[in-house]
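The values are calculated or read from the model by the stated rules, or taken from the named source; none is laboratory data. As the structure is a prediction and not an experimental result, all values here were calculated from the model. Cβ placement follows ideal geometry from the backbone for every residue including glycine, while neighbour counts extend to all protein chains displayed. For the accessible areas, the whole protein counts, side chains as well, though only heavy atoms, and no ligand, DNA or RNA atoms are used. Shrake-Rupley method; radii C 1.70, N 1.55, O 1.52, S 1.80 Å.
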Amino acid sequence: MRTAVLLCASLAAPALAWAQDATPFVTQLRLPAREAVRDVMAWRTAGGIAVARADLEALDIVVPADAGERIDLGAIPGLSFSEHAADVAIVLDCRGACLAPQRLQTTSARPALDRASGAYLNYDIEAQWLDGQSARASSILEAAAFGGWGLIESSAVALAGGEDRITRLETRWTIDDPARRLRFRIGDATFVGAAEAPMRFAGIQIGRHFGLEPSFVTYPTALIGGEAGAASTVELYVDGALRAREQVAAGPFVFDNAPLVSGGGQAQIVITDVAGRQQIISRSFFVSSALLRPGLSDWAVSIGAERLAFGADDAAYGDDFAAARYRLGLTRALTAEAALDLSGARSVGQAGVTFADARIGQLRASYARGEDGGASTLSWFQDADSWSIGVQGDQRDAGFRALGLGESTLRQSLAGHLSIEFGAAGYATLTAASVEFDSHEDARTVTLSYSPRLDGASLSARIVYTEREENDLAFALTLTTALSGDVSASAGYGEDRHGPTYRAALQRAPDYEGGLGWRVRAIEGRRSYAEAALSRRGGLGDSVVQIARSDGVTGVRAGHGGSLGVIDGHVFAAPPVRGGFALVDAGASGVLVLRDRFPAGITGLRGRTVITGLRPYEANAIAIRADDRAFGAARGQREMSETPAEGAGVIVRFDRETE
């Protein structure tokens, strides 16, 4: 039957049987390294045996591009074969580049987005009293509504007891398209203009937002791979930490988008076959997150008016403008960028390039030009296993003005750093900076810091020299150590031109899932200060009470931060919503809820709790601990994966079966 089918196939493909010296025959290709077999039509020629290109490619064998449709097995680099007449088979042995590399994916696929509808109000309320003054109160309010139509937000700050006022901060509507990694905003937003300065504005913005797919690797990663002689387990270590483990068949393999840290480092691949034999491959790498992968683009277009006096005036606007920024990965080592700002007062264009290579590090050059002058930036950064070094210089013409710069009179600046690791002896860092202005005093500073490696404690020493209106040389020494339980203590000594300063603190932070925390702190020197604070983290948010005395003046502060909201008809009170959140219904009270296997909350009387701080657009594992089920046996999952949008919530229900 196999022979008949393949003979019919050969008659239907005359292009493969055109040579008179080729005798067709039916056989079986066997590739033991991949445990693969394939029934094929082959041709016996004066020079050997030929097989159809499609059959070889189906076995992941690399075929020369110019070899035609009928391939002589002896002409394939790295391939040897033997014919077994008794089995009517040809056994193939591939070495080197004969087999196509197996591409190992270290990033997960984009999870499906979970949707719900609702609204909430984040609040942070604080009251304080000082000797000789009346009590004052302040609050920051953030209102939000979410659903399949996006996220609408509005925030404000309110003051009472002195200058009573309410000032709007930001109001906007955000619509995300994760499939295309696009974000559209109407209202208040920020952008980076041609002068590379961030600016708040009110208007419309659309652009690429890679944060909508956090697992997507935007920058080129080092090509790290090897070759397994047999079926093996491959482990990838980056600077000694295990980052990936995959199963591979025999042959070459390569990690696609290997999870490497930005900068320089050492990667190690450990290949272990079924017999326990190990092969170790090591290589250095340099990765720059400032680059884009070849062909990948990042862009944004903003139209609106600049926000002025943010936080003090809720409706002060500057010039109307239109701005665009575009970046494109040209090669694995080179990314180009361009920007254009257009406004009634000024127009500025900018162009730049970023280059990265393991031998010389990362270089970036940028130049912006306006009607009254230009600005340039040049930087270099190199990172190795035990040291890193970097330097950046900026220069502006006296008349240069651009969106986001305001009234800045900066003329030029130069900054650099050098960090060295000494192994068990610790590490040291040297930083220096110089800034020159048109209408302000120039400034220079040099900082040298050192931290030895200690068990159970950290010690840092720092010397700072500052040169501005008055020169100053300061020294600081700080010791921090963990005591019993979650209590930590720190002590410090410093000295500058004003004299010595002594610092001491003792504190315990509340547990993440809830509980009490406290802090006592004292400073003695030019300034005398003492403080004691008590904090509580609970299902309704975080509360703090603090009493302090500074230079003879006593003050008391009390505050609470939390949220009130509704999601799909369920009303809730919870800690402030940051990122995403989940309303978890475990069906019973007193059930411990875990997020990514860490305690995150305990259900209340109605069997519900709200878990905040979920990672937007990523899969978050929400689980309940089995022995905390108050009654009944679980029916269904005890762990679920939820993916909320940014600023939005989801509902997680764990079914139960009552007794």
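General observations
- Remark: the range 319-327, residue by residue, has Karplus-estimated 3J(HN,Hα) of 5, 6, 7, 9, 9, 9, 9, 9, 10 Hz, where x stands for each Gly or Pro and the curve is 6.51 cos²θ - 1.76 cosθ + 1.60 at θ = phi - 60°.
- Percent of beta bridges antiparallel (DSSP, the chain, rounded to nearest 5): 95 percent
- For the pair residue 281 and residue 453, label points projected 7 Å from Cα toward Cβ lie 2.9 nm apart.
- Accessible surface of the chain, 1.4 Å probe: 56 percent of it comes from carbon and sulfur atoms.
- Charge sum, other residues only, whose C-beta stays under 10 Å from residue 645's C-beta, Lys/Arg counted +1 and Asp/Glu -1: -2
- Mean Cα-pair separation over length for the range 265-422, i.e. relative contact order, pairs under 8 Å, 6 or more apart, %: 14 percent
- Across the range 468-485, rounded Karplus estimates of 3J(HN,Hα) from the backbone phi angles (6.51 cos²θ - 1.76 cosθ + 1.60, θ = phi - 60°) give 8, 5, 9, 6, 8, 10, 10, 10, 9, 10, 10, 10, 10, 9, 8, 9, 5, x Hz, Gly and Pro being marked x.
- Based on every Cα atom in the chain, Rg and the maximum pairwise Cα distance Dmax equal 32.5, 110 Å.
- Once backbone amide H atoms are built at 1.01 Å from N, residue 308 has 316, 317, 318 as its partners under 5 Å, excluding neighbours fewer than 5 places away on the same chain.
- Computed 3J(HN,Hα) for the range 160-172, one whole-Hz value per residue from the Karplus formula 6.51 cos²θ - 1.76 cosθ + 1.60 where θ = phi - 60°, is 9, x, x, 8, 6, 6, 10, 10, 6, 9, 9, 9, 7, glycine and proline marked x.
- Accessible surface area normalised per residue over the chain is 52 Å², counting heavy atoms of protein chains with a 1.4 Å rolling probe.
- The chain: relative contact order in percent, alpha carbon pairs under 8 Å with at least 6 residues between: 9 percent
- For residue 99, the residues whose modelled amide H falls within less than 5 Å of its own, excluding neighbours fewer than 5 places apart on the same chain, are 62.
- Contact order for the range 104-197, expressed relative to its length and based on alpha carbon pairs under 8 Å spaced 6+ residues apart, stands at 18 percent.
- The slack in the chain from residue 274 to residue 58, taken as 0.36 nm per residue of separation less the alpha-carbon distance, amounts to 75.2 nm.
- Computed from Cα atoms, the angle from the helix 2-11 axis to the main principal axis of the chain rounds to 90 degrees.
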